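Notes follow once the structure below has been shown.
Just so you know, all these numbers are worked out from the coordinates, no wet-lab data involved. Note that the structure is predicted; figures quoted are calculated from it, not measured. Methodologically, a virtual Cβ is constructed for each residue, glycine included, from the backbone with ideal geometry; neighbour enumeration extends over all protein chains shown.
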Amino acid sequence: MNKPEQEDYRSAVPQFTFAGTLQEQEEQLKTNPLVKRFAESRKALAGDPHRPLYHYVSPESRMNDPNGLCFRQGLWHLFYQGYPPEDPRQHWGHAVSDDLIHWRDLPYAIYPDPERCCFSGAALVEDSRVIAMYHGTRVGNMVAVSSDPLLLNWEKVTGQAVIAQQDPDGKPLPYNVFDPCIWKKDGMYYSLSAGRQNTGPEGKPVRANYLFRSADLANWEYLHPFVEGDRFTLVGDDGACPYFWPIGDRHMLLFFSHMSSGQYLLGDYDKQRDKFVATAHGKFNFGAVGPGGVHAPSATPDGKGGLIAIFNMNPGKTREVWDQIMTLPRRLTLVGRDDLAVQPAGDVESLRGEHCRVDTMTLPANREVVLEDVRGSSMEIAAEIDTAGSPMVELNVLRSPQREEFTRIAFFRERGYHNRGFREGPPCSLVSIDSSYSSTLPDVSSRPPETAPVLIDSEEPLRLRVFVDRSVVEVFVNGRQCVALRVYPGREDSIGVSLRSQGRDAVLKSLDAWRMKSIYAE
């Protein structure tokens, strides 16, 4: 029987070969047509009032998952699923930064062919090269390598899928072939392939990740399902976009579920059996995948025992040209056997401009206090509040003068679950972002309040770092939790800030606010 002819999936996007030294590459980039096109597109889109100033967004067209975040030779590399206008299939877009905050657009890195689309994957940095492993639709999981200074030139190992999507004899596979990640142990490469398995109640699907091993990147041996002890994820979840890395003295598996979005499993890597034993679980998104929530991760070790993670965020408003954005990068560290610290990563402070400070003041019970001098649509707010027995305090941002629009950030002291055992110690606290009144526009989709647990000692003050950037609000709470939502104010005067304490007086110890600058070069 003749094998059917392979479809031609070559991209219509211009592709370039770059020189081998950094100086030569920089000279080539000065006149590169794609780089010039990106700069012109950024200028043309900059007037959109909902386009962020300091959260990374594709220079042109739509964007999806972040991919292959890594650090090499003093530079951070962020790849992402881009949709070039002349060929709107997923290509790997590419940006580079020396501080994780200011990003420079580079030409598309990985182009389709033989795969139809370049879906999600991860990167592994070696001494002389970077390995990208990703899913190529209709063919299987792919491996590409790059060794030049700015990772501009990529070569696909074997020129074909290294883990085929289908058995050549047509037999059913014992695993899924989807978004992979890659790491190295004892001279061997290991990879997880994302998916589900029908081992839930009554055969319903549950999250699964399948482990493979290779000596040469070209030939992969299937081993087994990787995770043991997952009593945490939901029936119906899947394990897309996996990233498996050490954190502290333990390991973390970050992933995305198409049902319940970004999350992680924390546990121990049994290297003798090549199994990951999960002991804890957490989320990066605290509701449905959309609208407007945190989507998929890309993560890499920070070299200091922690992880740097960045996520894309779904839109809550229909866009014809651009839609998704990236979160700020986050540093994840282990602060207890099963507990994480979450803080902004990179030199975000370098974006601070005009500054306003509010000193200690009482927040009278049940009365909204508008901070007349604190205003803006792209700003950082750092606040410390003594809740003083108040069951709930709130900070409102993007507030119009008559409160037609506002985004509410609420903190509920000890109103969550007991975190350890049955009624052992006080319950955890909760932080919530409510977008119910964020926009009066008819085409904006709000979502139920995004509410997350946060472990704060009973006498510990509430410390908030709030990042407002036109259509996104990210809130870091006491370095222990982060919640984020897309919001779309429809009024030009929705730039105000207010505070309120429920039931009892609270005390604002201090509040600093900065206008934030753009992350892109002029």
Query raised in the report: For region 323-375, which GluC sites (Glu not before Pro) are both in a DSSP coil and crowded by at most 15 other Cβ atoms within 10 Å?
Result: E368
Report summary line: Kirkwood calc, the chain, C-alpha pairs only, radius in angstrom 24.0 Å
Report summary line: When T17, T279 are ranked with the fewest other C-beta atoms within 10 Å first, the list becomes T17, T279
Report summary line: Per-residue Cβ contact counts at 10 Å, fewest first, order H418, H77, H281 as H418, H281, H77
Query raised in the report: Considering amide H positions built from the backbone, and no H for Pro or chain starts, which residues 5 or more places from I325, or on another chain, come under 5 Å of its amide H?
Result: M313
Report task. Starting from the Cα-Cα distance between E404 and Q166, subtract it from 0.36 nm times their residue separation and give me the gain in nm to one decimal. Result -> 80.2 nm
Requested in this report: Step through the residues of region 94-106 one at a time and calculate ³J(HN,Hα) from phi using the Karplus curve (6.51 cos²θ - 1.76 cosθ + 1.60, θ = phi - 60°), rounding each to whole Hz and writing x for Gly and Pro.
Outcome: 8, 9, 9, 8, 9, 9, 6, 10, 8, 10, 10, 6, 10
Query raised in the report: Exposure proxy check: S11, S494 ranked by fewest other beta carbons within 10 Å?
Result: S11, S494
Query raised in the report: Each residue of region 467-475 in turn: what ³J(HN,Hα) in whole Hz from Karplus with 6.51, -1.76, 1.60 and θ = phi - 60°, glycine and Pro shown as x?
Result: 10, 10, 9, 6, 10, 8, 10, 10, 10
Report task. Kindly express, to the nearest 10 degrees and within the range 0 to 90, the angle between helix 33-45's C-alpha long axis and the longest C-alpha principal axis of the chain. Result -> 20 degrees
Query raised in the report: What is the set of long-range amide H partners of S510 at a cut-off below 5 Å, with H atoms built 1.01 Å from backbone N?
Result: E384
**Report entry** Sequence-distant residues sharing a close amide H with W103 (under 5 Å, placed H)
**Finding:** none
Requested in this report: May I ask for the net charge around L53, where only other residues with Cβ less than 9 Å from the Cβ of L53 are counted and Lys, Arg are +1 while Asp, Glu are -1?
Outcome: +2
**Report entry** Loop-located trypsin sites (Lys or Arg not before Pro) in region 55-142, at most 11 other Cβ atoms within 10 Å (DSSP)
**Finding:** none
Report summary line: Filtering GluC sites (Glu not before Pro) in region 1-96 by DSSP loop and by at most 15 other Cβ atoms within 10 Å leaves E5, E7, E86
Report summary line: If each K or R counts +1 and each D or E counts -1, the residues other than L334 whose Cβ falls under 15 Å of its Cβ total +1
Query - Vicinal HN-Hα couplings computed from phi for region 51-67 (Karplus, 6.51 cos²θ - 1.76 cosθ + 1.60; Hz; Gly/Pro x) - result: 7, x, 8, 10, 9, 5, 9, 3, x, 8, 6, 7, 8, 10, 3, x, 9
